[in-house]
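One structure is given here, and the rest of the page talks about it.
The values are calculated or read from the model by the stated rules, or taken from the named source; none is laboratory data. These figures come from a predicted structure and were not determined experimentally. Here the Cβ positions follow ideal geometry from the backbone for every residue, glycine too, while neighbour counts run over all protein chains shown. These accessible areas exclude ligands, DNA and RNA; they are computed on the full protein's heavy atoms, side chains included. Shrake-Rupley method; radii C 1.70, N 1.55, O 1.52, S 1.80 Å.
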Amino acid sequence: MIPCVNPRSKSLRRVLLALCLVTLVGLLFSHKEQIVNTISPRWTAYYKSQIDLIENYIRFEEMEEKQKTNKESSTKPLQPDVVKTTPSPKPTEKDRALSTITRKTTKTTPKLPNESINLQNESAILQHVATQRPNVATKPQNVITSKSSPKTTKKRPPSTTFNYLGNKYATDETHFNSKCPNRIRDKLRSEEFQDMFLEKIPVLQWKKHAQESEYERLKKYSGAQGWMGVTWKTINKTLNLLNSTGNAYMFDTWRGQSPCIRCAVVGNGGILNGSGMGQEIDSHDYVFRMNGAITKGFEKDVGSRISFFSFSTNTLMNSLYAYGKSGFKTVPRTPETRYIILPDHDRDYLIVLGALTNTIINEGRDKGKDPAKYFGSNLTTEHFKILHPDFMRYLRNRFLYDPILKSKSRDIYRPSTGASLLLAAIHTCDQVSAYGFMTPSYEKYSDHYFDSTYHKVVFYSNHSFRKEMILWQKLHKAGVIKLYMRD
């Protein structure tokens, strides 16, 4: 402390006053946490959250700057290398001889019974997957798409937000190749989408993913983004039932002559009411629909075919309850229809398990329910496809990232069912047309095309419809999708 004096000059008094103020500020700063805690516990939480936001923002800025630098110095493919390699020494004559012997003895790979993805007879063929299924234990894809030099890589302090996001994913090549000359993936490889698109992201999960190492990796993430809250027993039983090509590949029923698979993804937006798009929609090779997909009475506007019907158990039950009076009273069961499950909870795995084993669900929230009531009986394993948690986390982190992920409400946020289905189609189809999705003129139309009276679109925190709308505009402008916009 500064001793008390009785200075006579004004300049001395000013100097002493300045010193006192500096000392007071220093004391307040050194005891700021105690003072803030005493005044308001809420302010403490807010203060710390703002510090975290600033730190995370700085890290994002550093990552973006590094990506720009890497982009200018590298023209290599988007898939990152996560293994540090060193130059191999010049081979000797002995090494060449050994290498020749090795190539002769390992030239062919035997087929794996009941596990290989054999699509030799399909148009959208995967030549390199015909004899051996993709290895899920390959090195994970990193958060940064462009390759960076190990010498310039800086170690960053751990971040709760980044650990939560889980920006590392397994790799899969099931939908990697196609003979289509004008494919979506070619456009997604462009510079515009290099910070979003990962070419080898797994889209569907099936038997090969039923590994305890995968369970340990994915149980850290909640909701659709992982296996948290789902027991290994349930995961193991369910995925082992999904043991065919139809569970790993979206278009196992493809028998078309064209090299390009054309898909229509139909949302439930009011923009379709009076559109007259039904015939155009049904003319595609495959038609995707979701949730309260009512077609009866609306065929002229939305068509009637349902190749894939997508839902989570939660959205399905809500749709049956909310849209029953409008005509959605049962799950679609046409001979063509396959089901794409968005796994939000353990109940999604349990309903598939019950449906494929013709048993009553014996645990969880839906205990006592009979899946046959919804899907019918005598289903085959090919009827069900389940989106991969890595794919859902990848969509959230890269295509539809939202600041809510930095808040305490982050667990409730994920892409909507419609957005998840459209992006799944974009990652598997060769060409995609989207109908009934939100456009900038959404206020002109009712929430759903089957509404009897005008219902205003309602926005919720668990999805970001506006962010999804902006993404659809971007993809449409880039020619990735053809978006129906009535105006």
Discussion item. Looking for something free of Cβ contacts under 8 Å to residues at least 12 places away in the same chain and open to solvent by less than 40 Å² (accessible area, probe 1.4 Å) - is there at least one such residue anywhere in segment 299-317?
Written reply: yes
Worksheet item: With (1) more than 28 Å from His463 (Cβ to Cβ); (2) in a loop (DSSP other than H, G, I, E, B) as the list, and Lys329 as the residue in question, which single condition is left unmet?
Response: (1)
Item to complete: Among the residues of segment 439-468, write down those that are touching a helix residue (DSSP H, G or I) at 6+ places or on another chain (Cβ under 8 Å), closer than 19 Å to Asn397 by Cα and either among the acidic types (Asp, Glu) or open to solvent by 50 Å² or more (accessible area, probe 1.4 Å) (or both).
Response: Ser461, Asn462, Glu468
Item to complete: Look at Arg289 and say whether it is basic (Lys, Arg) and either more than 27 Å from Tyr484 (Cα to Cα) or open to solvent by 10 Å² or more (accessible area, probe 1.4 Å) (or both).
Response: no
Discussion item. Where the second residue is at pLDDT 90 or above and in a loop (DSSP other than H, G, I, E, B) and the first is open to solvent by 30 Å² or more (accessible area, probe 1.4 Å) and lies in segment 151-174, which pairs have Cβ atoms under 7 Å and are six or more apart or on separate chains?
Written reply: Glu173/Lys200
Discussion item. Can you confirm whether Ser409 is crowded, with 22+ Cβ neighbours inside 10 Å and polar (S, T, N, Q)?
Written reply: no
Worksheet item: For Lys200, all conditions in the list (1) in contact with a strand residue (DSSP E or B) (Cβ under 9 Å, 6 or more places away or on another chain); (2) more than 26 Å from Leu316 (Cα to Cα); (3) open to solvent by less than 30 Å² (accessible area, probe 1.4 Å) hold save one; what is the number of the exception?
Response: (3)
Item to complete: Sort through Ala434, Ala424 and tell me the only one that's part of a helix (DSSP H, G or I), touching a residue at least 40 places away in the same chain (Cβ under 8 Å) and surrounded by 23 or more Cβ atoms within 10 Å (Cβ to Cβ).
Response: Ala424
Fill in: Wholly within segment 168-243, helices (runs of 4 or more DSSP H) carrying at least 1 residues that are in contact with a Pro (Cβ under 8 Å, 6 or more places away or on another chain)
212-218
Worksheet item: Restricting attention to segment 318-332, and to residues there that are open to solvent by 20 Å² or more (accessible area, probe 1.4 Å) and in contact with a strand residue (DSSP E or B) (Cβ under 9 Å, 6 or more places away or on another chain), which single residue is farthest from Thr234 (Cα to Cα)?
Response: Ser326
Worksheet item: Which residues, counting only those in segment 258-273, are farther than 17 Å from Ser304 by Cβ and either open to solvent by less than 40 Å² (accessible area, probe 1.4 Å) or in a loop (DSSP other than H, G, I, E, B) (or both)?
Response: Ser258, Pro259, Cys260, Ile261, Gly269, Gly270, Ile271
Item to complete: Pull up segment 333-366, narrow it to residues that are crowded, with 16+ Cβ neighbours inside 10 Å and hydroxyl-bearing (Ser, Thr, Tyr), then point me to the one that is nearest to His284 (Cα to Cα).
Response: Thr337
Worksheet item: Among the residues of segment 354-373 satisfying the criterion of being in contact (Cβ under 8 Å) with a residue 40 or more places away in the chain and not in a loop (DSSP other than H, G, I, E, B), which is farthest from Tyr339 (Cα to Cα)?
Response: Thr357
Worksheet, complete the sentence: Given (1) part of a loop (DSSP other than H, G, I, E, B); (2) open to solvent by 20 Å² or more (accessible area, probe 1.4 Å), Arg398 misses just (1)
